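**Student:** Let me begin by handing over the structure; questions about it come next.
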Amino acid sequence: MGDRISWYVELAVKPGQVENFRALTGEMVESAREEPGVLHYERFVSDDGRFVHVYERYADSAAAIAHLRKFGKSFGERFLAMVERTRFTVLGNPSEELRELLDGFGATYLRPFGEFAYRAVDRAQ
(Lines give C-alpha, C1' and ligand atoms only; values in the text may rest on other atoms or scores of the structure.)
Protein backbone atom coordinates (compact mmCIF):
# COMPACT_ATOMS: atom_id res chain seq x y z
CA MET A 1 0.00 0.00 0.00
CA GLY A 2 2.97 2.28 0.59
CA ASP A 3 2.40 5.98 1.06
CA ARG A 4 -0.84 6.13 -0.91
CA ILE A 5 -3.86 7.63 0.81
CA SER A 6 -7.46 7.01 -0.21
CA TRP A 7 -10.81 8.04 1.13
CA TYR A 8 -14.46 7.34 0.68
CA VAL A 9 -16.87 10.11 1.55
CA GLU A 10 -20.63 9.70 1.73
CA LEU A 11 -22.62 12.85 1.01
CA ALA A 12 -26.29 13.67 1.34
CA VAL A 13 -27.33 16.13 -1.36
CA LYS A 14 -29.47 18.95 -0.04
CA PRO A 15 -32.95 19.26 -1.59
CA GLY A 16 -32.92 20.94 -4.99
CA GLN A 17 -29.11 20.93 -5.24
CA VAL A 18 -28.30 17.87 -7.35
CA GLU A 19 -27.87 19.78 -10.63
CA ASN A 20 -25.87 22.54 -8.94
CA PHE A 21 -23.70 19.87 -7.35
CA ARG A 22 -23.25 18.16 -10.72
CA ALA A 23 -21.93 21.42 -12.18
CA LEU A 24 -19.63 22.00 -9.21
CA THR A 25 -18.35 18.43 -9.48
CA GLY A 26 -17.36 19.12 -13.09
CA GLU A 27 -15.28 22.08 -11.93
CA MET A 28 -13.69 20.02 -9.16
CA VAL A 29 -12.76 17.18 -11.53
CA GLU A 30 -11.13 19.59 -13.98
CA SER A 31 -9.16 21.14 -11.14
CA ALA A 32 -8.06 17.73 -9.81
CA ARG A 33 -6.77 16.71 -13.26
CA GLU A 34 -4.15 19.46 -12.99
CA GLU A 35 -2.93 18.44 -9.53
CA PRO A 36 0.15 16.25 -9.24
CA GLY A 37 -0.36 13.16 -7.11
CA VAL A 38 -4.12 12.79 -7.68
CA LEU A 39 -4.51 9.16 -8.75
CA HIS A 40 -8.32 8.70 -8.62
CA TYR A 41 -11.08 11.25 -8.34
CA GLU A 42 -14.50 9.71 -8.84
CA ARG A 43 -18.11 10.38 -7.86
CA PHE A 44 -21.07 8.01 -7.77
CA VAL A 45 -24.70 9.09 -7.36
CA SER A 46 -27.81 7.20 -6.24
CA ASP A 47 -30.66 6.79 -8.73
CA ASP A 48 -32.75 9.36 -6.89
CA GLY A 49 -29.88 11.90 -6.72
CA ARG A 50 -30.03 12.10 -2.93
CA PHE A 51 -26.65 10.55 -2.16
CA VAL A 52 -23.20 10.88 -3.65
CA HIS A 53 -20.25 8.68 -2.79
CA VAL A 54 -16.77 10.04 -3.38
CA TYR A 55 -13.65 7.99 -3.98
CA GLU A 56 -10.30 9.77 -4.04
CA ARG A 57 -6.78 8.39 -4.03
CA TYR A 58 -3.51 10.25 -3.70
CA ALA A 59 0.13 9.29 -4.23
CA ASP A 60 0.95 10.34 -0.67
CA SER A 61 -0.06 12.59 2.21
CA ALA A 62 1.62 15.65 0.65
CA ALA A 63 -0.53 15.34 -2.50
CA ALA A 64 -3.68 14.93 -0.38
CA ILE A 65 -2.79 18.00 1.72
CA ALA A 66 -2.19 20.09 -1.40
CA HIS A 67 -5.55 18.95 -2.79
CA LEU A 68 -7.44 19.74 0.42
CA ARG A 69 -5.95 23.22 0.63
CA LYS A 70 -6.85 23.98 -2.98
CA PHE A 71 -10.31 22.47 -2.53
CA GLY A 72 -10.98 24.61 0.56
CA LYS A 73 -10.01 27.83 -1.19
CA SER A 74 -11.73 27.12 -4.49
CA PHE A 75 -14.79 25.01 -3.67
CA GLY A 76 -15.33 24.55 0.06
CA GLU A 77 -18.04 27.14 0.66
CA ARG A 78 -20.14 26.18 -2.39
CA PHE A 79 -19.64 22.47 -1.65
CA LEU A 80 -21.01 22.77 1.88
CA ALA A 81 -24.01 24.77 0.64
CA MET A 82 -25.04 21.80 -1.52
CA VAL A 83 -24.19 18.67 0.47
CA GLU A 84 -23.68 17.31 3.97
CA ARG A 85 -20.95 14.82 4.79
CA THR A 86 -22.43 11.76 6.47
CA ARG A 87 -19.28 9.63 6.56
CA PHE A 88 -15.58 10.16 5.82
CA THR A 89 -13.39 7.06 5.83
CA VAL A 90 -9.64 7.32 5.25
CA LEU A 91 -7.61 4.32 4.06
CA GLY A 92 -3.86 4.18 4.58
CA ASN A 93 -1.36 5.80 6.91
CA PRO A 94 -1.80 9.57 6.69
CA SER A 95 0.91 11.86 7.97
CA GLU A 96 0.24 13.73 11.20
CA GLU A 97 -0.33 16.95 9.22
CA LEU A 98 -2.90 15.31 6.95
CA ARG A 99 -4.57 13.65 9.91
CA GLU A 100 -5.01 17.04 11.58
CA LEU A 101 -6.79 18.35 8.47
CA LEU A 102 -8.98 15.25 8.13
CA ASP A 103 -9.92 15.26 11.81
CA GLY A 104 -11.86 18.44 11.01
CA PHE A 105 -14.10 16.36 8.73
CA GLY A 106 -14.80 13.78 11.42
CA ALA A 107 -12.74 11.17 9.60
CA THR A 108 -12.52 7.53 10.59
CA TYR A 109 -9.13 5.95 9.88
CA LEU A 110 -8.48 2.43 8.61
CA ARG A 111 -4.86 1.31 8.30
CA PRO A 112 -3.58 -1.54 6.15
CA PHE A 113 -4.40 -4.97 7.54
CA GLY A 114 -0.97 -6.54 7.28
CA GLU A 115 0.53 -7.12 3.87
CA PHE A 116 -2.69 -8.45 2.38
CA ALA A 117 -2.87 -6.21 -0.68
CA TYR A 118 -2.99 -6.90 -4.39
CA ARG A 119 -3.22 -4.41 -7.24
CA ALA A 120 -3.01 -5.46 -10.86
CA VAL A 121 -0.68 -2.53 -11.55
CA ASP A 122 1.84 -4.09 -9.15
CA ARG A 123 2.16 -7.09 -11.48
CA ALA A 124 2.95 -4.87 -14.49
CA GLN A 125 5.99 -3.37 -12.80
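The values are calculated or read from the model by the stated rules, or taken from the named source; none is laboratory data. Only a predicted model underlies this, so the values are computations on that prediction, with no experimental measurement involved. FYI the Cβ positions are ideal-geometry reconstructions off the backbone, even for glycines, and counts take in every protein chain you see.
**Student:** Within region 71-105, restricting attention to residues that are over 13 Å from the mean Cα position of the chain (by Cα) and of a type in the set (K, R), which residue is farthest from I5 (Cα to Cα)?
**Tutor:** Step by step, filter region 71-105, then rank; the result is R78.
**Student:** Considering each of E115, E56 in turn, give the residue that is assigned to a loop (DSSP other than H, G, I, E, B), out of contact with any Cys (no Cβ under 8 Å at 6 or more places or on another chain) and among the charged types (D, E, K, R).
**Tutor:** None of the others qualify; the one that does is E115.
**Student:** Out of all the residues in region 8-37, which are under 15 Å from A64 (Cβ atoms) and out of contact with any Lys or Arg (no Cβ under 8 Å at 6 or more places or on another chain)?
**Tutor:** Answer for region 8-37, where residues must be under 15 Å from A64 (Cβ atoms) and out of contact with any Lys or Arg (no Cβ under 8 Å at 6 or more places or on another chain): M28, A32, P36, G37.
**Student:** Out of all the residues in region 19-37, which are surrounded by 17 or more Cβ atoms within 10 Å (Cβ to Cβ) and either touching a Ser or Thr at 6+ places or on another chain (Cβ under 7 Å) or over 30 Å from F116 (Cα atoms) (or both)?
**Tutor:** F21, L24, T25, M28
**Student:** Among the candidates S31, S6, single out the residue that is modelled with pLDDT of 95 or more, among the small types (G, A, S) and assigned to a strand (DSSP E or B).
**Tutor:** Values: S31 fails: assigned to a strand (DSSP E or B).
Matching residue, one of S31, S6: S6.
**Student:** Among (1) exposed (fewer than 15 other Cβ atoms within 10 Å of the Cβ); (2) not in a strand (DSSP E or B), where does T89 come up short?
**Tutor:** If we test T89 against (1) exposed (fewer than 15 other Cβ atoms within 10 Å of the Cβ); (2) not in a strand (DSSP E or B), just (2) comes out false.
**Student:** Please state which of the following conditions H40 fails to meet, knowing it meets all the rest: (1) exposed (fewer than 15 other Cβ atoms within 10 Å of the Cβ); (2) more than 26 Å from F116 (Cα to Cα); (3) free of Cβ contacts under 8 Å to residues at least 40 places away in the same chain.
**Tutor:** (2)
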